[in-house]
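The values are calculated or read from the model by the stated rules, or taken from the named source; none is laboratory data. As the structure is a computational prediction, the values presented were derived from the model and not from experiment. Ideal geometry is used to build each Cβ from the backbone, glycine not excepted, and the neighbour counts take in all protein chains shown.
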Amino acid sequence: MNTDIAVVGLSVDVPGARDLDAFWHIISTGTSTSRPFPADRREKLAEYIRYLRATSIDPVPDPDIDYHNGYFLDAVDHFDHAAFGMNPRQATLTDPHHRMVLRAMYLAFEDAGYSLDRLRGSRTGVYVGFAVNPGSTYLDYISRVDPSVGQQAITGNIPAMLANRLSHFLDLRGPSMVVDTACSATLVAVHQAKNALLLDDCDMAVVGGARIVFAPVKHRHSNIGIESSDGVTRTFDEAADGTGFGEGSGAVVLKRLDRALADGDRVYAVIKGSAVNHDGNTEGITNPDSDSQADLLLSAWRNADVDPRTIGYFEAHGTATRVGDPIEHEGVKRAFAKHTTDRGFCAVGTVKANVGHLFEGSGVIGLIKAIAVLRHRMIPPQANFTTPNPKLDFASGPLYVPTSLEPWESDGPRRCGVSAFGLGGTNAHVVLEEFTAVPDERPASSGAHLFTLSAATIKSLTRIVERHIRFIDGGGLDGVDIADVCHTSRVSRGGHRHRVALVVTDAADLRHQLAELLADRPTPLPEGPLGDQARVFTRGGEVDWKTLLGDRAPRVVRLPGYAFDETPAWVSFPDTWREKLNFDTTDERHPVTHDVEFQDAPAARPVSAPNAGVLALVDPDTDAETVLACLGDVTFLRLGEPIGSGTPFAADDTAAHEEIARLVGDGVTHLVHALAFEDAPATDVAELERRAGKNLHSLFLLTKALMAAGVKVDLTVLTRTAVCAEEGDAVVAENAALVGFGKVVGREYPYIKVKHVDVDASVPPAALRAEVFADEHGLFLLRGDRRLREVFVEVPEVEPAGADDYLKPGGTYLITGGTGALGLAVAERFAAARPDLTLVLLSRSGVPPREQWDDPIAVPTGSAAAKRVDAVRALEAAGATVAVVAADAGDPEALAEAVTAVRRDHGRIDGIVHAAGLPGGSTIMFRRSADFDAVVRAKLHAAFVLDRLTGDDQPDFIAHFSSVASVFPAPGQADYAAANYYLDNLARARAGGPCHVIALDWVAWKEIGMAVDFGTNGDTMFKALPTAVGLDVLDAGLRSTRSRLFAGELNYRGELIHLLRSYDVTLSADIEAKVEAEMQALEQRLVEAAEKTRASVAAVSVELEGRPDGQYSDVERSVARCLALAFGYDALDVEADFFDLGGDSIMAAGVAGTIAICHGVSYDVADLLADRTIAEIAYHVEDLAAFAAEVA
């Protein structure tokens, strides 16, 4: 198989050169284009830089703004949106990198001879080398100017869209991806594209990249350490002291060579092979390695199957840094030394001296330079090279630095290599070979031929005509057959809106007719087939160009590229920012600690419920059936007895619960789950296991079956003294887990209305009956005549108990989940407070045997095991004695054995932190029983075992790590909420005893823990908890006498605070008042935002088009202003389609919202996507307004 890859098209745009000829002039003359940062760009950035400095937490007082010199483009703020099917607003909100990549790849396709029509639907891959530069992105900038544009700007700023937008625009069906390996990105992308072509992932590929230096501010805070002192790159020179920043873009189009030749493509050069590797573990992640670079070259040469002695030019990475250049030179010498001892036969250079370091884009620019060198068969001088760097001993190796333009003599095909090295150690090298075309033996063409041009705007078309005239005058068509010229114009240029077609006989005739066009004296088209096709083309029709080919095989030749009609596309930074800036915020701090109290509530109103159909599930070993007799006509299903069709009712039988769900669907309005009605707690693990299965797991199977059956029902979960009304109450704590489970059911499936009723033996039957049939839901405790419910309250201060430190000198402390992030954080805090402790870290994973800790094979660097080992070592270095025990806290037998062993080895356990846990994983409907049980066991069973095992020799404290889910659970947390509610209840039941038992209901931890692992560590109803704050809450809780603390600050200013009211938990008066105040403030902000939106729309000036009589309604005009605000057009057709204007599904939300605000109607995304034109939108809005008026 031939593995040669042809470069069939390219484009380049760098300072001083917007095409290959100008680029070669810079290269061949050894020109350096470094200069000061352009004055126009300085002026546009000055206020923004001052704003950043003034608003920094540590303001930068420097009044002056100094910029690095470098290799800068004149402008980066212009773009031809029409050529790429974008609207003005969309273009303005799109990162200039994206725009430059689009432009570069479009021109490369044109240069390769491929128009949009030829590309549409093709298996063409798009590969972009790019890296986001933190803190200096265009999105950062525009979001500071106008935070409201974030949503609309997403598709123009996400890195993936660099490739995806072109694939979408041209309808390309091959791979589409962004490669980020820092400075080697575009050359690694070439390697990826080459491999994709050889693997037949695509038939053609375009590879490119771009680099813009947004704000090259010269300041000690922003320097990265590789900058040249004067912005000039002096690679290989004694005066080299760093790299000069470069800007620009480049792209190449690749095909397999055999296919390119068969398709008549022009071939610039051939990629013979390539390689990519990494430096591995060097002294620092940014330190290059000469051995790795040598290995890279050897691999690339093997892949290319070439003799390195035949390589005559080497395009080095060459950043001109004091560290990088000597290492690269040494690597090259070592690689060549494996094959030859010859000296000074290979010229070396780097384009960075000419146009600067384009970072991620530098690889493709170096590749294009090497292609130009091969194409001209000339070795160019190295720019900025005067005195050789004494650290680079060129005389003893294969390389020499050329100082003048010289012919490249060679006995065989000329070859060169191109290197690019990434900051993080990813290296790439490509081997190129010149392409020698076979002699053109085709007969010269004769007669007339059809030449076409098109453009998105008249201005672009005029410029394209001018470029062709200059190209002809410069000898660009000398010796080129006019048939190939015309063929190239037809197949490689897109069919834009504005078109011209000429029937010509030779280059002189073409030049004459083009000049006549400019003079507005177009040559009339002749009659006949050519003229007919020309007229179809100019009227916008599709033409089958294959009918013009004849017997002579056409070839693509080089012609001038598209002339973009670029207009400003930049969000201006307001110079009035000082007047608008407001540092007076109302970000009031609120308590981090809360609790849940049981407070008296009014008795439930008696309800007759004559039509109620009641089904109750009971355990005949309890007196639940007797208690429920007060409900009247009740159908009882008893454990062990048949259900309807004869299926025995077993608590662990899925089929039995499915049968119950079918019964419920046949007229049951009220379902009572009363299996958990024991009046005494479990005394051993076996009984706990039985109850967990009979009570909690049966409720899980029941609700799962009800959901699957689509049932709508009121579900009452009845328990007896399972929940602590007061601290220290004697309760059946394990049955409280059903409360936590029930809290989630309605959030996942709102057709099941859940209430949990916990009664004592003295509750009047009438009170229970009223409760079951009441419309209220949530948790209610009935204690005699009292009715209690949960109230969420603030705990402004956690009062210390006044006792000594809870950590004893030399004490032993057990932490379950001890090698997890939270467990280790607690251990670190304990060790810091009392260094002489013994910390026993119990976890499922444990750590490897101590004798393996330094073995990189047994404990690979960076692995999870290595991190745990490092954490243990840090604890020991702090003075603690650390024992790690591998055991599953959710396995009662394993946990009991582990605790027994700890006591045997370390004596009394002085304190326990129960931090073990597994997260909930999916909604009840899709949760597997085994996964449900595993989550419950890690919390509930483990806490039960710890409570029982320490009963006779109680520790000073047990801290149970519970969760916000026990109070305010989210869908998918039923098992997790159940387990944690048990922890809360157990702690309250043990209050006042000799062992201080406390449950801590954590909200998401911001920096560590499950929330970080699962990406849920952002602010929601509660602010995510910083590690230090969480540990402070633990410390305060252990110093207090409290049995429970809810740890998390309410995020009153957040957009989700209204959800707090959606839970069946009463809010205390002070919390309710704060929520109400913030809701009102939010409403006011929405009013102000609406007023601002209406004012912005009213200020828009847009001309409506599309109707001969020019008559448009007021609503049509106002809708047009809404769309013009979003898209940036100054004229709109009343029938123009939303998507044709450049709209997309993301933008639709904002536009629909603007229309709704400005017209006072309920108009949403679905309406907009259905209506799509101004005329239809206005008709719909008028209809909605009329309906609203009728209703009013």
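For the reader, a short list of remarks on this structure follows.
- When the test is whether a residue is farther than 25 Å from Val132 by Cα, polar (S, T, N, Q) and outside the structural domain of Ala456 (by TED's automatic domain parsing), Thr31 passes it.
- Identity of the residue in segment 134-161, exposed (fewer than 15 other Cβ atoms within 10 Å of the Cβ) and over 18 Å from Trp570 (Cβ atoms), that ends up modelled with the highest pLDDT: Ala160
- Candidate set from segment 289-326 (those that are at pLDDT below 95 and buried (at least 24 other Cβ atoms within 10 Å of the Cβ)); member that is farthest from Asp237 (Cα to Cα): Gln293
- Meeting the requirement of 3 or more residues that are over 30 Å from Phe792 (Cβ atoms), the strands (runs of 3 or more DSSP E) wholly within segment 589-651 are 614-618, 634-638.
- Flag for Gly810 being surrounded by 18 or more Cβ atoms within 10 Å (Cβ to Cβ) and assigned to a loop (DSSP other than H, G, I, E, B): no
Matching residues to (1) surrounded by fewer than 20 Cβ atoms within 10 Å (Cβ to Cβ); (2) within 18 Å of Trp545 (Cβ to Cβ); (3) modelled with pLDDT of 95 or more; (4) not assigned by TED's automatic domain parsing to the domain that holds Glu110:
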position: Ser454; (1), (2), (3), (4): no, yes, no, yes
position: Thr457; (1), (2), (3), (4): yes, no, no, yes
position: Gly476; (1), (2), (3), (4): yes, no, no, yes
position: Gly479; (1), (2), (3), (4): yes, no, no, yes
position: Ala483; (1), (2), (3), (4): no, yes, no, yes
position: Arg490; (1), (2), (3), (4): no, yes, no, yes
position: Gly495; (1), (2), (3), (4): yes, yes, no, yes
position: Val504; (1), (2), (3), (4): no, yes, yes, yes
position: Asp509; (1), (2), (3), (4): yes, no, yes, yes
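- Residue identified as in the same structural domain as Val267 (by TED's automatic domain parsing), out of contact with any Leu (no Cβ under 8 Å at 6 or more places or on another chain) and part of a helix (DSSP H, G or I) among Ile327, Ile365: Ile327
- Residue among Ala46, Ala17 that alone is on the phi < 0 side of the Ramachandran plot, assigned by TED's automatic domain parsing to the domain that holds Thr186 and crowded, with 20+ Cβ neighbours inside 10 Å: Ala17
- Failed criterion for Lys712 (all others in (1) surrounded by 17 or more Cβ atoms within 10 Å (Cβ to Cβ); (2) under 24 Å from His657 (Cα atoms); (3) touching a Phe, Trp or Tyr at 6+ places or on another chain (Cβ under 8 Å); (4) not polar (S, T, N, Q) hold): (1)
- Screening Asp58 with (1) farther than 23 Å from Tyr562 by Cβ; (2) surrounded by 18 or more Cβ atoms within 10 Å (Cβ to Cβ) gives one miss only, at (2).
- Any chance Pro390 is at pLDDT 95 or above and assigned to a loop (DSSP other than H, G, I, E, B): no
- Condition broken by Ile472, with the remaining ones in (1) in a strand (DSSP E or B); (2) aliphatic (A, V, I, L, M); (3) free of Cβ contacts under 8 Å to residues at least 60 places away in the same chain satisfied: (1)
- Every condition in (1) in a loop (DSSP other than H, G, I, E, B); (2) closer than 22 Å to Asp653 by Cα is met by Thr683 except one, and the failing one is (2).
- The combined condition, being under 22 Å from Pro381 (Cα atoms) and either outside the structural domain of Tyr313 (by TED's automatic domain parsing) or among the polar types (S, T, N, Q) (or both), is not fulfilled by Ser11.
- Number of positions in segment 227-279 that are over 38 Å from the mean Cα position of the chain (by Cα) and more than 14 Å from Ala112 (Cβ to Cβ): 8
- Ala347 modelled with pLDDT under 95, more than 42 Å from the chain's Cα centre (by Cα), outside any loop (DSSP other than H, G, I, E, B) and of a type in the set (Gly, Ala, Ser): no
- At least 2 residues being under 30 Å from Asp64 (Cα atoms) is the threshold, and among the helices (runs of 4 or more DSSP H) wholly inside segment 138-230 those reaching it are 138-145.
- Taken over segment 394-418, the criterion of being touching a residue at least 60 places away in the same chain (Cβ under 8 Å), part of a loop (DSSP other than H, G, I, E, B) and either among the aliphatic types (A, V, I, L, M) or surrounded by 14 or more Cβ atoms within 10 Å (Cβ to Cβ) (or both) is satisfied by Gly397, Pro398, Val401, Leu405, Trp408, Pro413, Arg414.
- Of the helices (runs of 4 or more DSSP H) lying entirely inside segment 1055-1164, not one contains at least 3 residues that are hydroxyl-bearing (Ser, Thr, Tyr) and crowded, with 19+ Cβ neighbours inside 10 Å.
- Any hit, segment 710-720, residues being under 20 Å from Glu597 (Cβ atoms), outside the structural domain of Ala938 (by TED's automatic domain parsing) and not in a loop (DSSP other than H, G, I, E, B): yes
- Residue match in segment 1008-1029 (condition: in contact with a helix residue (DSSP H, G or I) (Cβ under 6 Å, 6 or more places away or on another chain), in contact (Cβ under 8 Å) with a residue 60 or more places away in the chain and within 22 Å of Gly921 (Cα to Cα)): yes
- Checklist (1) in contact (Cβ under 8 Å) with a residue 12 or more places away in the chain; (2) exposed (fewer than 11 other Cβ atoms within 10 Å of the Cβ); (3) closer than 30 Å to Asp140 by Cβ applied to Thr576, failing item: (1)
- Taken over segment 74-88, the criterion of being among the charged types (D, E, K, R) and either under 18 Å from Ile458 (Cα atoms) or at pLDDT below 90 (or both) is satisfied by Asp80 alone.
- Failed condition for Glu1182, given (1) part of a helix (DSSP H, G or I); (2) modelled with pLDDT of 90 or more; (3) buried (at least 20 other Cβ atoms within 10 Å of the Cβ): (3)
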